[in-house]
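Working notes for the structure below.
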Amino acid sequence: MLKTLPFLLLSLALLSGCVDRASADAKLARGCAAGAEIFLDEGFKIKEIKNKKFQDAPGLGRGYREVTLDVIESDGWYDGEKTYQCIFVESTGFLNMGHSATIYQLRLSDDEVYGKEGDKIIGSFEDHLKLTETVEQGMNR
């Protein structure tokens, strides 16, 4: 019995620390919404997230996850439907023991894109810093 105790404890630790895809995607959606809100027009907020779609980012290879959010933006008077798209670079630890992600790109519209494309920062460096900090905070809520 004493010989199997370390094995049982290790197995319990591995199983309890695993991150499943649904939990990781929920974390990414929170980060995407937080990042999008900092670039909305003054007074506007995300009133409701109507739909979430998750997939591996096409054309970017392994480790990139795309999140699409269909939302309702509101300033208290006007409600409008919008679609935001975020791409994250993510990694998991051994046996899915942990999950980490950083924002790669945020697309609010065809003309409004923040983050990176390849190795180049899209927008200002200040916007990029604000985006990465806000997304990180949003994912950890």
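Per the helix-only calculation at 222 nm, which mean residue ellipticity applies to the chain, given -39500 (n - 2.57) for every DSSP H run of n ≥ 4 and division by its residues, nearest 500 deg cm²/dmol?
Details: 3 runs with 44 residues, N = 141.
Dividing the helical sum by the residues of the chain leaves -10000 deg cm²/dmol.
Go ahead and run the numbers for FRET between Asp70 and Asp111, Cβ-Cβ distance against an R0 of 22 Å, rounding to 0.05. Intermediate values should be presented prior to the final figure.
Details: r = 19 Å, r/R0 = 0.85.
Between Asp70 and Asp111 the formula returns 0.70.
Once fully extended, how much extra length lies between Arg62 and Arg141, figured as 0.36 nm per residue of separation less the alpha-carbon to alpha-carbon distance? Spell out each step's value before the answer.
Values: separation 79, 0.36 × 79 = 28.44 nm, distance 2.61 nm.
The span from Arg62 to Arg141 would gain 25.8 nm if fully extended.
What is the angle, in °, between the Cα long axis of helix 125-139 and the longest principal axis of the Cα atoms in the chain? Nearest 10 is fine, range 0 to 90.
Value to nearest ten degrees: 50.
For helix 5-16, what angle does its Cα long axis make with the longest principal axis of the chain, in degrees from 0 to 90 and rounded to 10?
Between the helix axis and the principal axis of the chain, the angle is about 10 degrees.
Can you tell me the relative contact order of the chain? Whole percent, Cα pairs under 8 Å, sequence separation 6 or more. Could you put the intermediate results ahead of the total?
On the way: 233 pairs, mean separation 33.5, N = 141.
Across the chain, relative contact order equals 24 percent.
Just checking the chain: which Cys have no other cysteine's beta-carbon under 4.7 Å?
Cys18
Bear in mind these aren't lab numbers, they're just calculated from the coordinates by the rules spelled out. Only a predicted model underlies this, so the values are computations on that prediction, with no experimental measurement involved. Quick reminder, even Gly has a Cβ in these numbers, built from the backbone with ideal geometry, and neighbours come from all protein chains shown.
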